[in-house]
Amino acid sequence: MKKTAIKGRKELEGKFVKVFNDKIKGLSTELQRILIDDMVTAFENRLNMLKSVQFNKRF
């Protein structure tokens, strides 16, 4: 990954932690990290898919 992509991902992970902190605080630290990573990955994948669909509709 590029340095800026890694930085952006870390910022996004931090935002997810803030939003979901109350919901995940009962999980172990390891499970919290796994869950946040999964949610960020799913979010990024969804954004990429939507961008692709939008791009294909234009052309």
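Values in this text are rule-based calculations from the coordinates and carry no lab data. Keep in mind the model is a prediction, meaning the values are calculated, not measured. Counting neighbours? That spans all protein chains shown, and the Cβs are built from the backbone with ideal geometry, glycine included.
Scan the stretch 20-57 for residues that are among the aliphatic types (A, V, I, L, M), part of a helix (DSSP H, G or I) and surrounded by 11 or more Cβ atoms within 10 Å (Cβ to Cβ) and the total you get is 7.
Do the conditions hold for Ile36, that is, is it touching a residue at least 12 places away in the same chain (Cβ under 8 Å), more than 12 Å from the chain's Cα centre (by Cα) and on the phi < 0 side of the Ramachandran plot? In short, no. If you scan the stretch 6-31, which residues turn out to be in contact (Cβ under 8 Å) with a residue 24 or more places away in the chain and either touching a Leu at 6+ places or on another chain (Cβ under 8 Å) or small (Gly, Ala, Ser) (or both)? Scanning the stretch 6-31 gives no hits. Tally the residues that are loosely packed, with under 12 Cβ neighbours inside 10 Å and either small (Gly, Ala, Ser) or in contact with a strand residue (DSSP E or B) (Cβ under 8 Å, 6 or more places away or on another chain) (or both), restricting the search to the stretch 2-13. Of the residues in that region, 1 qualify.
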